[in-house]
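This report refers to the structure that appears directly beneath it.
The values are calculated or read from the model by the stated rules, or taken from the named source; none is laboratory data. Every value quoted in this text rests on a predicted model; they were computed, and no experiment measured them. As a convention, Cβ positions derive from the backbone with ideal geometry for all residues, glycine included, and neighbour counts pool all protein chains shown. Heads up: the accessible areas ignore ligands, DNA and RNA and are worked out on the full protein's heavy atoms, side chains in. Shrake-Rupley method; radii C 1.70, N 1.55, O 1.52, S 1.80 Å.
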Amino acid sequence: MKPADDPNIDYKALVQRGYDRCAAKYEEARHGEGQPELSLLMDRLGEGERVLDIGCGAGVPVARALEQRFQVTGVDLSSEMIKRARANVPEATFIYGDIMDSQFPAVYFDAVVSFYAIFHLPREEHSKLFRRIHRWLKVGGYFFGTVAQTNEPAYTEHDFFGETMYWSNFGLEDYQKLLTEIGFQLLESGALGHGFDADEDISEEHHPLIFAQRIG
Ligand SMILES: C[S@@+](CC[C@H](N)C(=O)[O-])C[C@H]1O[C@@H](n2cnc3c(N)ncnc32)[C@H](O)[C@@H]1O
């Protein structure tokens with residue numbers, strides 16, 4: 001683990017390059033049994049409602065599961081991931097780009113999901129990102145996704161599917177406070193593991209889940 005504080009390094013470009021290069025291995029590792037926790041959200045949505053998947057990766061298993069009942073739009077910074085997502089879930093709409101540059105109408109989506117992705121954006125952007133999510137959601141719409149457990153300054157590691165990768169996050173309580181302040185009600189909490197197939201040689205991980213509803 002190395003502090004990610006070099007002003008000469010473009011860390012978003014590093015994330016993009018890392019996922020472009022490891023997309024095949026990452027997709028293979030995510031081709032498991034799906035994500036049962038999604039039912040928490042899916043049970044509350046009506047057929048055909050609009051769902052945005054931020055950092056959708058290769059579209060499996062999340063966008064694929066959601067697309068069976070909803071209109072899914074996925075956004076990802078990695079062109080290689082977007083290419084795979086389009087092949088895996090041809091019925092969904094996938095947009096290549098940084099979610100911080102993405103434009104959607106206000107009050108448009110019934111739900112926004114984001115699994116294992118927000119911690120790849122510099123944490124200085126997280127408040128703005130959640131405010132954008134709030135704006136894109138209809139009143140009564142849901143945010144469902146993973147954040148991080150502990151507050152830690154940005155860092156890189158060199159062994160993420162063979163690539164250097166960057167993470168940056170606040171702690172769970174910071175995210176809960178932020179969401180409450182900007183007009184969400186927290187509904188349920190929980191946690192996900194690393195989400196990879198059981199035969200992947202990766203130590204256990206704990207990714208707190210936030211399930212929240214736009215109330216104001
Ligand atoms: C760990 S993967 C998770 C993929 C997928 N959500 C899943 O559950 O398998 C993180 C994804 O977030 C994407 N990502 C990172 N920063 C992003 C940004 N600023 N805007 C959009 N996507 C981003 C990466 O390219 C990568 O595909």
- Query: Cα extents of the range 88-155 along the three principal axes, largest first, in whole Å?
  - Reply: 36, 31, 21
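I'd like the carbon and sulfur percentage of the solvent accessible area for the range 8-214, probe radius 1.4 Å, heavy atoms only, ligands and nucleic acids excluded.
Values: 4300 of 9340 Å².
Answer for the range 8-214 is 46 percent, counting heavy atoms of protein chains only.
At 37 °C and a viscosity of 0.692 mPa s, what translational diffusion coefficient does Stokes-Einstein give for the chain, taking Rh as the Kirkwood radius over Cα pairs? Give it in µm²/s as a whole number. Each step should come with its number before you reach the end.
Numbers: Rh = 17.4 Å.
Result for D is 189 µm²/s.
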- Mind ranking H158, H31 by accessible surface for me, highest first, 1.4 Å probe? H158, H31
- Residue pairs, from the table K2/K177; K83/K177; K12/K128; K2/K25; K128/K177, whose Cα atoms sit over 26 Å apart: K2/K177; K83/K177
- Query: Going toward the positive end of the dipole of the chain, with +1 on Lys and Arg Cβ and -1 on Asp and Glu Cβ, which of M165, H206, F70 do you reach last?
  - Reply: F70
- Once both labels are modelled 7 Å past Cα along the beta-carbon direction, what's the S189-D20 spacing in nm? 3.9
- Task: Could you calculate the FRET efficiency of T93 with L129 from 1/(1 + (r/R0)^6), where r is the beta carbon distance between them and R0 is 35 Å, rounded to 0.05?
- Result: 0.95
- Given backbone amide H placed at 1.01 Å from N, residues whose amide H is under 5 Å from that of F143, ignoring those fewer than 5 places away on the same chain, are V112, A212, Q213, R214
- Query: For the range 134-194 and the range 1-19, what is the separation of their Cα centres, given in Å?
  - Reply: 19
- Message: Whole percent per 10 Å bin, from 0 to the bin with the longest distance: what is P(r) over all C-alpha pairs of the range 1-99?
- Response: 16, 43, 28, 11, 2
- Message: Roughly how far apart, in whole Å, are the Cα centres of the range 25-61 and the range 81-131?
- Response: 13
- Note on the structure: Taking only protein heavy atoms and a 1.4 Å probe, the highest-to-lowest accessible-area order of T93, T146 is T93, T146
- Message: What number comes out for accessible area per residue over the chain if the probe is 1.4 Å? Units Å², please.
- Response: 47
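Roughly how big is the chain's charge dipole about its Cα centre, with Cβ charges of +1 (Lys, Arg) and -1 (Asp, Glu), in debye to the nearest 20? Don't jump to the answer; show the numbers that get you there.
On the way: 21 positive and 35 negative charges, 196 e Å.
It comes to approximately 940 debye.
Report the extension gain between H158 and H31 in nm, rounded to one decimal, defined as 0.36 nm multiplied by the number of residues separating them, less their alpha carbon distance.
Working: separation 127, 0.36 × 127 = 45.72 nm, distance 2.33 nm.
This chain segment gains 43.4 nm when fully extended.
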